[in-house]
């Protein structure tokens, strides 16, 4: 490998054989056990669901252009926001980074040939598809109107919409998530290359390790909860039905026991992506490696004991509410550790504003706003005012879209040369990153104000004085749509016409950049041995950083932090 | 088909392969604990809420059949452990025998469960429109196949229950909640038994070809872990569903 050549120079050629051309035909894709191909299968399917969810979001924003509502009936409006939530959360956000980027990268990053259980990996994609089909069936036969939270007894008794297939679909999809998490955990434990110690693991892997813990500990609980709600709807079992003495609040507890940690399933992998991107584009080891790694685990652990902050207005015990409020504040600590460490990494680095870094910087800003407004909501008194308003909507979209989706798109750009072997057009990519950032803020910042003024969520109409802010939000959504469609086009274009990237175009320090782009089916010709610290640019002559590009005298990745 | 001790492509050594498979099974069992955990939590909260109705519901279960199934299942765990031992000590014919015995005992368990479900169905104890916890007490003893003494006890118990719960409607509703949990918990457990039976069948077919010996027995060991897990779930289910309040019957 020659690292001295500049990125995309004509001297690079695609490797003669790689995972994309190793075999051809439908069969070789649908029956593949190669984690890289399965990642691409996931890429196609989560993109599909992203657009399904996106269409519902578009309709919602168009509808809210006028105070009395523009296009749909109130009943349809209920279905629109429900289906938007179900498609985006369960079928896009949760699998997005883990199943696409995690699947592709974790084995390569730790120097393994594949995940521990390649067949189970393929199985999890099929389970995802089956779950997806049930949910699409529900959408096509009239949709459901319960909200993505499926609260009982609306979902189990009163709703006349297609709840059963949707609940079944989400239930089935859970097993895909469980198997992915299980596969990652075991892989990180048993498949690491010689020299790849725990504290040499890329932070992306640490983040996925934490995510996998949540997947295996949380997802079974939502599975049994939805199963019970489904049994109640189908067979009149009374677990959550007050008629039989069952408790609907119990459903909410069980639901949020998974669904709050699920937010960390979405955000932790994005944090992992950011932790990879930042050191690469500032040519500097990440600040506080071990703190970032530990904070991932910290977020996963604390994330499990904050769930009832979603239920402050259900009449739960005051002392329980105080405890959950306090614990919710506590989860801000490891999150802040990450933000400070990323910022400290930027300090005095030689920053180059390439596309992935733009996304990472966008992530830091938006995540910070989303995180801090989360503290407003964790505050017992304030939450009573803000609960079920657009403030909540804005808050979690800053985390999920501003955070998780920014991380996902940024990660796609960062590893696109590795996945396809080709570079995307840099100017367009930077432009679309900026368009996304502007569109996002224009869409969701007004919603903070709307929520503060008291506009409730889930309503199909609103008082006329809220119209200006709602129109701003819809205008922002149109900009946001351009920001999502642009990458879709130029990334597809670059698969054929992009410049050949070479093995390490940035250059970055991870093991994944030491193999060809695109990698071979076995990832490496021979199992690599790791004898360097993570994110170390100084002791890596193989990166070809010499002369003007040489990093200054820099501290090692960890040890003195 | 994966032959004895063959090394899969993603691994470097057989030891690594075995360690990986075993860790995977343990983590899977952790997810199973969480899965059943949601049910046990629902049970605990409702038992605490409605002790009278749950006590009456529990006393309506057949202690003999439940106890028999507990013995059968513990015996099956023993034969399962013996099949792992036989594989690890290289006694190939014994592996098949013990696995078959395990499958047989598992099937007995499921058969007994069918008898029990049928009985509950006849006694109008399946949640739904026809659920009626007072059915046996309101009909002659022979309808539910009870002795005169049992019938008398049940009538007395129901009468007290109606008083404590504040009316027959309330008692019936809360008893229905108990039987929702009974069918939910034992049904899910039975489903796991059926999956386990399928896995045992697969193991038996493999063992007959002599696949498992002292050097390669990971599938026997791991499916054994699964079988023991399902067994332990029953060890919790039996006292929770059948035994609490039995002394008041």
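Bear in mind these aren't lab numbers, they're just calculated from the coordinates by the rules spelled out. Please read all numbers here as calculations on a predicted model, not as lab measurements. Please note: Cβ atoms are built from the backbone with ideal geometry, for glycine as well, and neighbour counts cover all protein chains shown.
Of B:14, B:203, B:105, which has the largest mean-square fluctuation in a 10 Å C-alpha GNM of chain B? Looking only at B:14, B:203, B:105, the biggest GNM fluctuation is shown by B:14. Here the calculated FRET efficiency for residue A:297 and residue A:542, from their Cβ-Cβ distance with R0 = 45 Å, stands at 0.90, rounded to the nearest 0.05. Taking Cα centroids, how far is region B:1-80 from region A:286-302 in Å? For region B:1-80 versus region A:286-302, the Cα centre distance is 33 Å. Highest-first packing order for the peptide set A:236-242, A:93-99, B:195-201 is A:93-99, A:236-242, B:195-201, based on the mean count of other beta carbon atoms within 10 Å. At full extension, residue A:458 and residue A:24 could sit 151.5 nm farther apart than now, given 0.36 nm per residue minus the alpha carbon distance. Once you place label points 7 Å from the Cα toward the Cβ at residue B:130 and residue B:65, how far apart are they in nm? Distance between label points: 1.6 nm.
Cα gyration tensor of region B:187-237, axes a ≥ b ≥ c as square roots of the eigenvalues: rounded (a/c below 1.5), prolate (a/b > b/c) or oblate? Oblate is the answer for region B:187-237, as a/c is 1.5 or above yet b/c matches or exceeds a/b.
Distance between the C-alpha centres of region A:215-250 and region B:184-249: 25 Å, rounded to the whole angstrom. If the segment from residue A:434 to residue A:189 were pulled out straight at 0.36 nm per residue, it would be longer than the present Cα-Cα gap by 84.3 nm.
Cβ crowding within 10 Å, taken as a proxy for footprinting-reagent exposure, orders A:531, B:213, A:536 from fewest neighbours to most as A:531, B:213, A:536. Does the protein assembly as shown classify as rounded, prolate or oblate by the C-alpha gyration tensor (a ≥ b ≥ c root eigenvalues; a/c under 1.5 gives rounded; else a/b over b/c gives prolate, otherwise oblate)? Note, shape of the protein assembly as shown comes out oblate. With an 8 Å Cα cut-off and a minimum separation of 6 or more residues, compute the relative contact order for chain A in percent. Relative contact order here is 20 percent. If the segment from residue A:318 to residue A:385 were pulled out straight at 0.36 nm per residue, it would be longer than the present Cα-Cα gap by 22.4 nm.
Using a 10 angstrom cutoff on alpha carbons, build the Gaussian network for chain B and name the most mobile of B:112, B:72, B:30. Most flexible of the set in this elastic network: B:30. Partner shielding of A:187-193 amounts to 4, given as the average count of beta-carbon atoms from other chains within 10 Å of each residue beta-carbon.
Report the FRET efficiency, 1/(1 + (r/R0)^6), for residue B:115 and residue B:22, where r is their Cβ-Cβ distance and R0 is 41 Å, rounded to 0.05. So, using R0 = 41 Å, E works out to roughly 0.65. The distance between label points at residue A:137 and residue A:235 comes to 1.9 nm (points 7 Å beyond Cα on the Cα→Cβ vector). Distance from the C-alpha centroid of region A:314-345 to that of region A:469-499: 34 Å, rounded to the whole angstrom. Angle of helix A:203-235 to the longest C-alpha principal axis of chain A, folded into 0 to 90 degrees and rounded to 10: 30°. Peptide A:214-223 shows a mean partner chain C-beta count of 4 within 10 Å per residue C-beta.
Counting only alpha carbon atoms, the long axis of helix B:14-49 and the longest principal axis of chain B meet at about 10°. Among A:48, B:179, A:524, sorting on how many other beta-carbon atoms sit within 10 Å of each Cβ, with the fewest leading, yields A:48, A:524, B:179. With a Förster radius of 22 Å applied to the C-beta separation of residue A:426 and residue A:482, the computed FRET efficiency comes to 0.75. In this rough spin-label picture, where each label sits 7 Å from Cα along the Cβ direction, the residue B:122-residue A:154 distance is 4.5 nm.
Relative to the longest principal Cα axis of chain B, at what angle does helix B:63-88 sit, 0 to 90 degrees, rounded to 10? Taking the Cα atoms of chain B, the angle to B:63-88 is about 10 degrees. Within 10 Å of each Cβ of B:38-45, how many other protein chain Cβ atoms are there on average? Per-residue shielding by partner chains comes out at 6.
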